[in-house]
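Beneath this line is the structure, given in structure tokens, with notes to follow.
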Amino acid sequence: MKCETFMKRFLENDEAGSLSPAIRIHLFRCARCAGEVRAFRLAMADLRPYEPFVLDGIESARIVDSVMRQPEYRKSISLFNWVGAGVLMFVGIFLAPFSDQFMSLRDHFGGDLEVPFSLVMGVMVTIYAAIFIGTHMDELSRWLEHHKLGGPFRP
Ligand SMILES: [Zn+2]
């Protein structure tokens, strides 16, 4: 179970109800989620004496502030998958002209197939690179800064 799924299920779960085995297993194995659940339970225990909840301005501002300081959830694809997809794509580009399907298409359309194939592959590589860079701006700017390359690139 992924951490996002776990948190969603945990928060949907009524405090009085028991946790499902899958949730218990994730809670046992994942230190990050266990820490968040501990903080959540602590916060709930802190709030219990104030039931029914009537918050003054200062208290609600403090809670909103601590909520805003929570690290944000991001659905991310591991670098291994990115690199794997990129390697597969490049291997495909170099091997595709030798495939039987490509040969038979070339027999059918003549030598004109090279140009549209190169254009399509170029567009695919461009889209891949754009998405990869777009989703890794933080890492990229940190890397550039580390290697003293970050000039106008810095956000
Ligand atoms: Zn987790």
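The values are calculated or read from the model by the stated rules, or taken from the named source; none is laboratory data. Not measured: the values here are computed from a predicted model. Note: ideal-geometry Cβ built from the backbone for every residue, glycine included; neighbour counts use all protein chains shown.
State whether one or more residues within region 92-99 are more than 29 Å from LEU119 (Cβ to Cβ), surrounded by 10 or more Cβ atoms within 10 Å (Cβ to Cβ) and either of a type outside the set (D, E, K, R) or more than 16 Å from the ligand (Cβ to nearest atom) (or both). Within region 92-99 (the criterion being more than 29 Å from LEU119 (Cβ to Cβ), surrounded by 10 or more Cβ atoms within 10 Å (Cβ to Cβ) and either of a type outside the set (D, E, K, R) or more than 16 Å from the ligand (Cβ to nearest atom) (or both)), the answer is no, since none of the residues qualifies. Checked against the criteria, LEU55 does not count as more than 16 Å from the ligand (Cβ to nearest atom) and either modelled with pLDDT of 80 or more or among the basic types (Lys, Arg) (or both).
Restricting attention to region 134-155, and to residues there that are small (Gly, Ala, Ser) and modelled with pLDDT of 85 or more, which single residue is surrounded by the fewest Cβ atoms within 10 Å (Cβ to Cβ)?
First, pick out the residues of region 134-155 that are small (Gly, Ala, Ser): 134, 141, 150-151.
Filter again for modelled with pLDDT of 85 or more, leaving 134, 141.
Numbers: GLY134: 9, SER141: 15.
Among residues in region 134-155 that are small (Gly, Ala, Ser) and modelled with pLDDT of 85 or more, the one surrounded by the fewest Cβ atoms within 10 Å (Cβ to Cβ) is GLY134.
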